[in-house]
1. State which residue is modelled with the lowest pLDDT when the search covers only segment 1-26 and only residues that are under 21 Å from Ala269 (Cβ atoms) and open to solvent by less than 60 Å² (accessible area, probe 1.4 Å).
2. Counting just the residues of segment 81-101 that are modelled with pLDDT of 75 or more and of a type outside the set (Val, Ile, Thr), which one comes out most open to solvent (accessible area, probe 1.4 Å)?
3. So the check is Cβ under 6 Å with 6+ separation or different chains; which pairs have a first residue in segment 236-256 that's over 14 Å from Ile198 (Cβ atoms) and a second one that's of a type in the set (Ser, Thr, Tyr) and crowded, with 21+ Cβ neighbours inside 10 Å?
4. Show the residue pairs meeting these rules: Cβ distance below 6 Å; 6+ apart or different chains; first residue within segment 201-225 and within 19 Å of Ile294 (Cα to Cα); second residue of a type in the set (Phe, Trp, Tyr) and assigned to a helix (DSSP H, G or I).
5. Please go through segment 202-253 and give me each residue that is crowded, with 18+ Cβ neighbours inside 10 Å, farther than 23 Å from Lys190 by Cα and not hydrophobic (A, V, I, L, M, F, W, C), ordered by number.
6. Hey, can you tell me all the residues within segment 27-36 that are at pLDDT 85 or above and over 12 Å from Ile109 (Cα atoms)?
7. I'm told Lys290 meets every condition in (1) at pLDDT 60 or above; (2) open to solvent by 30 Å² or more (accessible area, probe 1.4 Å) except one. Can you identify the failing condition by its number?
8. How many of the residues making up segment 45-55 are surrounded by 12 or more Cβ atoms within 10 Å (Cβ to Cβ) and within 13 Å of Phe32 (Cα to Cα)?
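The values are calculated or read from the model by the stated rules, or taken from the named source; none is laboratory data. The structure presented is a predicted model; accordingly, all values stated were derived computationally and were not measured. All Cβ positions, even for glycine, are placed from backbone atoms using ideal geometry, and neighbour counts span all protein chains on display. The accessibility values were calculated without ligands, DNA or RNA, using every heavy atom of the protein model including side chains. Shrake-Rupley method; radii C 1.70, N 1.55, O 1.52, S 1.80 Å.
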Amino acid sequence: MINHNSAELAEALINNIDEAIFLFNSAGKLIFINKAAEEFIGAPARHAFNKDYTDLFHNSKNIATLIQKALLEGRLFNCKDITIELNRSANVDINLYPFYSSSDVEGVIVCIRENRLLMERDDYPFDSLLALLAAIAHEIKNPLGGIKGAAQLLKNKGSNDEGRQYIDLIIKETDRLNSILYDYLSLSRKPAFTDINIHEIIEYALKVMESTLKEKKIHIYKSYDPSLPNVKGDASKLLQVFINLIKNAVEAMDKSKKSRKLSISTKPANEYIVLYDSDATRSRDSKSKKQRWIIINFEDTGKGIPAGEISKIFLPFYTKKQGGTGLGLALSKKIIKDHRGTIMVKDKANKGAIFNIYLPF
């Protein structure tokens, strides 16, 4: 038999649900939050109590407006798939429930359910595309090797200066195409997971890019959390991602006259995210567990990303670069997704861009 009184039992139940629950009184002051809400805002309850909703959600005017309307009008509000800013960006569903004393609105309950980051449904069938690219690359690779071999034989047999220039061009271009084909063939390879130190991989990526960073006079600022544990991952695949993000940052800052800075930091995420076992559905029967994350942050002082392009930059073959393939960020997203993580981007309004990579541990 349960001996707890009803108030204790109710609080225990509320603290064991996944939704973030906020309770504001009629003056708009916070009087209760559950454990999920503490994790969601990244602060303990004692730091949030008695805060006005406009202060607590000062970066998320959409929530503040809804709370105000619920208090004034006494109506229930439901919103789906909206983006809010607290200590991070999040896509959420929100339900607001006014509660009454007699006929007056006594306060409002705000329930926030985060749309799970790992449940992204890509409209573009990238896995099928990768398989197609790998098959095409395999078919082209062998005859391309024959073309290069024939060109080398012609060069060895001797020819005039103009002929050698054309032969050298053939060899150079076959090498370039071979490099592209190698990238395509490696796309479909699944990660081979081992215990890895994420900081060692970041440092190796910086070493690979060292000469370019010096040439472009880009200053590197690092802030690593030494307490982070090792993660399960494929070092070579994650190296691809980090090198690609560094290259993108270099290109974004290349023609900038202002200070060129690339800041790289790591830290544990303040929040838990529910990870569903099924990637196909979020049904009531899906088993779930709370998962902790590390965040790897790449922040540059480049030209930023226009608002209309934010939703497109991870699409295969989408690029604004002359001579670009449009596969870099699409592949990076695929690699991180294969690691059961996610990658997000935020524009700093012509002051640069921030890429955040979430990896589970």
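1. Checking each candidate, the answer is Asn15.
2. Filtering segment 81-101 for residues that are modelled with pLDDT of 75 or more and of a type outside the set (Val, Ile, Thr), the one most open to solvent (accessible area, probe 1.4 Å) comes out as Tyr97.
3. Close Cβ pairs satisfying both conditions: Asn244/Ser332.
4. Pairs that qualify, where the first residue is within 19 Å of Ile294 (Cα to Cα) and the partner is of a type in the set (Phe, Trp, Tyr) and assigned to a helix (DSSP H, G or I), are Ile202/Phe242; Ala205/Phe242.
5. Correct list: Asn248 only.
6. Residue satisfying the conditions is Ala27 alone.
7. With respect to (1) at pLDDT 60 or above; (2) open to solvent by 30 Å² or more (accessible area, probe 1.4 Å), Lys290 is out only on (1).
8. The first filter runs over segment 45-55 and keeps only residues surrounded by 12 or more Cβ atoms within 10 Å (Cβ to Cβ), leaving 45, 48-49, 51-55.
Restricting the remaining residues to those that are within 13 Å of Phe32 (Cα to Cα) gives 45, 48-49, 51-53.
Selection size over segment 45-55: 6.
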